[in-house]
Amino acid sequence: MLEIWGSTPSIYVIIILFSILGRGFWLLVFITVLFGWTALVGVVRAEFLRARNFEYVRAAKALGVSDRVIMFRHMLPNAMVATLTFLPFIITGAIGTLAMLDFLGFGLPSSLPSLGELTLQAKQNLQAPWLAFTAFFTFAILLSLLVFIFEGVRDAFDPRKTFE
């Protein structure tokens with residue numbers, strides 16, 4: 001069931017629902033979250049399955065610590081590192097999807113500024129190449145900064161990292 005849900009093309013669902021229900025920010029957020037959570041399920045599950053065999057988890061079980069405390073205090077910090085590793089790529093994909101929807105005219109209302117609208121204006125005004133350069137460099141810098149910021153956040157939450 002998870003494979004079917006994760007392989008459903010969310011862009012087509014967004015376009016269809018926007019055609020039926022109208023465009024709206026909260027509808028876009030809801031559909032994006034509805035289809036985006038499946039990308040992290042396999043990673044988190046694999047990390048929890050790996051962490052259950054760690055010695056400190058077995059020691060906590062032997063001491064009688066409840067499963068909830070073991071999950072949130074011992075296993076979740078290790079799973080967060082793997083999750084934070086994939087999160088910048090998921091967010092940059094969501095930004096790219098939003099820009100694509102805006103470029104195609106199915107994104108946010110046209111009164112709101114967006115990267116897709118900037119790209120569409122660059123396409124419509126080929127005699128003004130600075131619009132294309134602006135769109136390209138905005139995308140490149142924004143997505144690179146997101147990856148670098150999340151790399152720092154991931155290092156900050158890594159329980160195995162030692163700062164010397």
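The values are calculated or read from the model by the stated rules, or taken from the named source; none is laboratory data. No experiment lies behind these values; they were computed from the predicted model shown. Neighbour counts are summed over all protein chains in view; Cβ atoms, including those assigned to glycine, are modelled from backbone coordinates with ideal geometry. For the accessible areas, the whole protein counts, side chains as well, though only heavy atoms, and no ligand, DNA or RNA atoms are used. Shrake-Rupley method; radii C 1.70, N 1.55, O 1.52, S 1.80 Å.
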Exercise. [x] 104; [y] 156; [z] 146: which one is volume of the Cα convex hull per residue in Å³ as calculated from this entry?
Worked result: [z]
Exercise. What are the trypsin sites (Lys or Arg not before Pro) within region 73-164 that DSSP puts in a loop, where the Cβ has at most 13 other Cβ atoms within 10 Å?
Worked result: ARG160, LYS161
Exercise. What per residue convex hull volume, in Å³, comes out for region 49-105 when only alpha-carbon positions are used?
Worked result: 85 Å³
Problem set entry | the chain: angle of helix 38-51 to the longest principal axis, Cα-based, in degrees nearest 10 | 20 degrees
Problem set entry | Cβ-based net charge around VAL57, under 15 Å, with every Lys or Arg adding one and every Asp or Glu removing one | +4
Problem set entry | Inter-label distance for TRP37 and ARG68, nm, one decimal - labels placed 7 Å from Cα along Cα-to-Cβ | 1.9 nm
For this session: For PHE48 and PHE30, compute 0.36 nm times the residue count separating them, minus their Cα-Cα distance, and round to one decimal in nm.
Result: 3.8 nm
For this session: Select from region 18-63 those trypsin sites (Lys or Arg not before Pro) which occupy a DSSP coil region and have at most 14 other Cβ atoms within 10 Å, ordered by residue number.
Result: ARG52
Exercise. In Å², what does the accessible area per residue of the chain work out to with a 1.4 Å probe?
Worked result: 67 Å²
For this session: Provide the net charge surrounding GLY96, with neighbours chosen by a C-beta distance below 15 Å and charges set as Lys +1, Arg +1, Asp -1, Glu -1.
Result: -2
Seminar exercise, completed: With a 1.4 angstrom probe the carbon and sulfur portion of accessible area for region 1-128, in percent, totals 69 percent
For this session: Would you mind computing, in nm to one decimal, how far apart the modelled labels at SER10 and PHE86 are, each placed 7 Å from Cα along Cα→Cβ?
Result: 1.3 nm
For this session: For every helix of n ≥ 4 consecutive DSSP H residues, a contribution of -39,500 (n - 2.57) applies; sum these over the chain, divide by its total residues, and give [θ] at 222 nm rounded to the nearest 500 deg cm²/dmol.
Result: -24000 deg cm²/dmol
Problem set entry | Loop sites in region 39-84: chymotrypsin sites (Phe, Trp or Tyr not before Pro), DSSP, at most 16 other Cβ within 10 Å | PHE54
